[in-house]
Every structure is written in structure tokens, then in C-alpha cells.
1. May I ask you to verify whether L38 is of a type in the set (A, V, I, L, M), modelled with pLDDT of 90 or more, in a helix (DSSP H, G or I) and surrounded by fewer than 21 Cβ atoms within 10 Å (Cβ to Cβ)?
2. Would you call G57 open to solvent by less than 50 Å² (accessible area, probe 1.4 Å), free of Cβ contacts under 8 Å to residues at least 12 places away in the same chain and not aliphatic (A, V, I, L, M)?
3. Taking the conditions exactly as written (open to solvent by 50 Å² or more (accessible area, probe 1.4 Å) and either touching a residue at least 40 places away in the same chain (Cβ under 8 Å) or part of a helix (DSSP H, G or I) (or both)), does I30 satisfy them or not?
4. Is it the case that A62 is among the aliphatic types (A, V, I, L, M), more than 19 Å from A21 (Cα to Cα), open to solvent by less than 30 Å² (accessible area, probe 1.4 Å) and under 16 Å from the mean Cα position of the chain (by Cα)?
5. Please identify the pairs in which a residue from segment 89-107 that is charged (D, E, K, R) has its Cβ atom under 7 Å from the Cβ atom of a residue that is in a helix (DSSP H, G or I) and open to solvent by less than 40 Å² (accessible area, probe 1.4 Å), counting only partners at least 6 apart or on another chain.
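The values are calculated or read from the model by the stated rules, or taken from the named source; none is laboratory data. Fair warning: this is a prediction, and the values are worked out from it, not measured in the lab. Glycine also receives a Cβ, built like all others from the backbone with ideal geometry; neighbour counts cover every protein chain displayed. Accessible surface is based on the protein model in full, side chains and every heavy atom, while ligands, DNA and RNA are left aside. Shrake-Rupley method; radii C 1.70, N 1.55, O 1.52, S 1.80 Å.
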Amino acid sequence: MSQWVLAALVAVFPILVVFAAASDFFTMTISNRLSAGLFVAGLAALAITQPGWPALGAHLGAAFLVFAIGFFCFARGWMGGGDVKFAAAVVLWLGWSNLLDFALGFSLIGGVLTFAVLTADRLLTPVPNLKVGFLARFHEHRRVPYGIALSAAALLIFPETGWISALLIG
């Protein structure tokens, strides 16, 4: 039975990550419920696959580090609060072993996304009817939906984590 529960929990990760990207695209927000759901599902998946405090503590430590750095960025106005909570929930799943790859991935994807948004805003300024989703909100508020970059990096890294092999071997 625990294999089916684990499969359901592991399926939650890509579903919620894609939903977060879509939500950030259309509304420029990532709900607290989504981040909390991802975090709780990660805790449950860790409890099933790696019971005990060492593994859980390591994953919680990685998530806390990302949250602390993200909180600093939020306080400076560099990141949104939803992005910070979402990134910490993602890192709970990824752990220390994938943290650097995740950071590099969302930084590169975020840079490309920011460049694309700035370029699109400049090109679409004369044609306001073509501005949709985050492009319209970016033009109003000058914010980039970084949840898209966080989600893309998470989805690129997730197959390389131990979650898929835990399902196949389990």
C-alpha cells in the first residue's frame, strides 16, 4: 500500500509545480495553500522513503536555507513572498544534493525569462491589446513571474532525483 501512496505523493510534485507556474503566469501570485500542500506532500514522501531524522533534517535544512536567502531577497524587494515559499517547498523535495543544480537552473531560466519579458514589454508598448497574462501585469507593475523559472528548473531536475528510482525500485 505504501508504494501506491508514494506514487500519489510523487505525482503531486509535478502537478503542483505546473499549477504554480500557470498561476504565476496568469495572476502573478503563488498561493500559500499550494506551497503548503507541496511542502506537506514532501514531508509525507520523505517519511515513507527515508524514515528518521537524518534524511528529514537534511531536507528541512536545505529548505530552510532557501527560505532564509529568499526572505532576504524578499525584504530587499528582489523576490515575491510567494516565490520564496514555493522555492523552499520545492527544495524540500530536492534536498542538498540537487540544490546547486536547482539554483543554477532557475537563475539561468529566470534571466532568460526576464530578458523575454523586458523585450516583449518594449515591443508590445505600442500594441496594448496583445498584452496578456503576466505581460499585462508586468507592464503595470514591472514584476517578473519568477515562479515560472522556479517551476521549469524544478521540473528539469526532478527526474534526476531519487524519487523516480524510489518508485521503480520500491
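1. no
2. yes
3. Spelling it out, it is not the case that I30 is open to solvent by 50 Å² or more (accessible area, probe 1.4 Å) and either touching a residue at least 40 places away in the same chain (Cβ under 8 Å) or part of a helix (DSSP H, G or I) (or both).
4. Details: among the aliphatic types (A, V, I, L, M): yes; more than 19 Å from A21 (Cα to Cα): yes; open to solvent by less than 30 Å² (accessible area, probe 1.4 Å): yes; under 16 Å from the mean Cα position of the chain (by Cα): yes.
Criteria met by A62.
5. Cβ pairs passing all conditions: D101/I157.
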